[in-house]
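Bear in mind these aren't lab numbers, they're just calculated from the coordinates by the rules spelled out. Everything numeric in this text was worked out from a predicted model, so none of it was measured. All Cβ positions, even for glycine, are placed from backbone atoms using ideal geometry, and neighbour counts span all protein chains on display.
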Amino acid sequence: MSLLWVFLFSPVFLLPVRAQQEVPKKTRKIFLQAETFYQQNRLDQAAQMVEKVLQRSPDFVKAYFLQGDILAARKHLSASIKSYRKGLSIDSVSWPSAYYVLALREYKTGDYAAALQHIRHFLQLKNNPVFPEAMHLQQAAAFALQAEKYPEKTRLIRLDSLINTTADEYVNFVNENQSEMIFTRKKFFLKNGRKTFRETFYASVWKSGFWQKPQRMLFPWDSTLNMGAMSLSVDGRTMYFTGCSWPGGYGRCDIYVNRKRGRKWLYPEHLDRNVNTSSWEAQAVVSADGKKLFFASNRPGGKGGSDLWMCYRNPDGRWGKAINLGDSINTSGNEMAPFLHPDGRTLYFSSNGRPGLGGYDLYMSRLDAAGHWSKAVNLGYPVNTKADEINLFVSLDGRRAWLSSDRDTTHTGYDIYTFPVYKKMAPRKVLFVKGVVKDSLSGKKLSAAVVLTDLSSGKTVDSLMSDPVNGTFLVVLQDSADYAFHILKKGYLIYSENINLKQFPAETSVNRTFFLQPVKKGAVMRLENIRFAFDQAVLSASAYPELNRLVRFLKENPRLDVLIVGYTDNAGSPAYNLKLSQARAKVVYDYLVSKGIDRARLKYKGLGNQHPVASNATARGRAVNRRTEIIIR
């Protein structure tokens, strides 16, 4: 915890700069009793004693400060502020440090103008024992005052009583079409005379304009174990959560992962020592491509308190050594609850170590082209308030967000709020492709590899398996890159498609069924990513990922013989197009031979502009018609 908060409830800091007031001996004795009761946390007795003191000596300044500290300890900050102001109205010189405590409590209650005035006064004093903390408070109060003066253009709505109750609720996940929400409900209760809590995961569906009654999520393992701080992968099929005091854990709280098969959750796995240590680890979230894991930890080597850390996934599927996200994100305070948007570049998190509106605020940072995180930016008012805003979820389409906050004093604890995302905090546009993979003949749902390749670099951007029970998958396309989209399964032809965000300027999602053709004589496999420029028969760099996949397919099916067919658009004479298409088929043939495919298995021919698959009236249609197909012989 930052020293900024140490003196919120403590009177020890209040040292006089001149002789204390003359107070009758009996009154001072009562005052000392009040101080003792306060230090013993016997607040009712302390309040009664200090009231007696003030009845006897209504100008006893230190008694007003003690009264203010007692009220603060009882969470009556507004009344505490009145007591401090009363004391300073009597003597504004002898107790300079009271201005710091007063400013801190004014800031905590959202009276930023008064807090700024009093902390500036305090900073003018010499021999300041907490100068760094006071400077931080001044920056925070000045920021908060400006944030309230110039609010962001959005409006928060508290979800209704089916979601929010007298318990604490924390948002965890909202699916791609915002039809299902998963959240945590934290209930406090007494056990063996001690206050404790239990966290339970719930799911609610959106129907007829409302979130329906939530249903408790059930898992096939010991339900008495403590688990919380959950997140899901973008497709909702992989869950990361925090388990505290689990058998075999390395520290007080560790991170676990479990996966969904159809509708059933499998047993969880404990992540290894690159993620979990003897320290506290929690609140993990995985990137959309599954290659990065972000989490909070108070392990050694951080900036102070809990920091945000990240691991890269190794080729063997294990997580590599954790990397601290650095000064642009982490502070000497606490950073928690990371959420990486599926755009892969926008990170949201909560922190109490930066200038903000009070307690924990929500911040964001963006990853630049060089791989560096930008300096964290406060999300402003009304997203942040004098209360605690502790976690955030932004929809996959980047248009709506949900957060958890204890801002509403008419309700108990943390509740979930929703609001439209405003421009400053908006992530980059993504396109998510959700599909079901089926056998084209039987309609059977298939488990198949779904691979996304960046055609400009030839690198695999994402690779996953569709669900073995229901055949579903979800993959995210980022930026405006040109992608080769393939679905692969042994015994079936390669499904090939060219896809990018430019094809869907007004959409954020594609939802389709993808049919795979069994390998059999006469089956046609269209290679969508072998494209030729107008009047050319030269392979482009973007064709090689597709061709290399075809090479692997032919090597995995050594008994298959194929015919390579080239096509053109309708520009030029039929004779010329026939010749050009023949040349295009030949360059594909030559490439396959150069990669070790037996010539005896291959034949090629051109069909000119016959059998167009798109309109030749548009540039895009003509480009699609300049294609290559493979026919099983």
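Summary of values
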read-out: In sequence order, calculated HN-Hα J values of the stretch 583-592 (Karplus, 6.51, -1.76, 1.60; Hz; x Gly/Pro); value: 5, 5, 5, 5, 5, 5, 4, 4, 5, 4
read-out: Identified option (computed semi-axes √(5λ) of the Cα gyration tensor in Å; candidates [x] 64, 25, 20; [y] 56, 37, 19; [z] 35, 29, 23); value: [x]
read-out: Rounded if a/c under 1.5, otherwise prolate or oblate - the stretch 322-404, Cα gyration tensor axes; value: oblate
read-out: Sorted by Cβ neighbour density within 10 Å, fewest at the top, the residues ARG627, ARG259; value: ARG259, ARG627
read-out: For the stretch 280-340 and the stretch 562-623, distance of Cα centres in Å; value: 50 Å
read-out: Between the stretch 222-263 and the stretch 66-93, the Cα center-to-center distance that results, in Å; value: 45 Å
read-out: Least to most buried among CYS311, CYS244 (fewest other Cβ within 10 Å first); value: CYS244, CYS311
read-out: Nearby lysines by direct alpha-carbon distance to LYS186 (threshold 18 angstrom, same-chain neighbours under 8 apart not counted); value: LYS195, LYS213
read-out: Relative contact order, percent, the chain [alpha-carbon distance under 8 Å, six or more residues apart]; value: 8 percent
read-out: Amide H partners (placed H, <5 Å) of TRP280, local residues excluded; value: ASN298, ARG299
read-out: Residue-by-residue Karplus 3J(HN,Hα) for the stretch 104-116, coefficients 6.51, -1.76, 1.60, Hz, glycine and proline x; value: 4, 6, 5, 4, 4, 8, x, 8, 5, 5, 5, 4, 5
read-out: Shape of the stretch 289-358, Cα gyration tensor, a/c cut at 1.5; value: oblate
read-out: Under 20 Å from the Cα of LYS264 - aspartates and glutamates, other chains or at least 8 residues apart; value: GLU176, GLU180, ASP222, ASP235, ASP467
read-out: DSSP bridge orientation in the chain - percent antiparallel, rounded to nearest 5; value: 90 percent
read-out: Lysine pair number, Cα distance threshold 14 Å (strictly under), the stretch 524-633, separation 8 or more or different chains; value: 4
read-out: Partner aspartates and glutamates for LYS86 [C-alpha distance under 15 Å; skip if fewer than 8 residues away on the same chain]; value: GLU51, ASP59, ASP69, GLU106
read-out: Members of LYS108/LYS303; LYS321/LYS375; LYS490/LYS520; LYS445/LYS521; LYS149/LYS423; LYS438/LYS520 lying beyond 20 Å, as alpha-carbon distances in this model show; value: LYS108/LYS303; LYS321/LYS375; LYS445/LYS521
read-out: The stretch 3-149, relative contact order [Cα under 8 Å, separation at least 6], %; value: 22 percent
read-out: Shape of the stretch 102-167, Cα gyration tensor, a/c cut at 1.5; value: prolate
read-out: Sequence of GLU507, GLU389 once ranked by neighbouring C-beta atoms within 10 Å, starting from the fewest; value: GLU507, GLU389
read-out: LYS444 paired with ARG261, simple spin-label distance in nm, labels 7 Å along Cα-to-beta-carbon; value: 1.7 nm
read-out: Under Karplus coefficients 6.51, -1.76 and 1.60, residue-wise ³J(HN,Hα) of the stretch 199-215 in Hz, glycine/proline x; value: 10, 10, 8, 10, 10, 10, 9, 8, 8, 6, x, 9, 6, 7, 4, x, 10
read-out: Whole-angstrom gap from the stretch 432-456 to the stretch 100-120, using each part's C-alpha centre; value: 58 Å
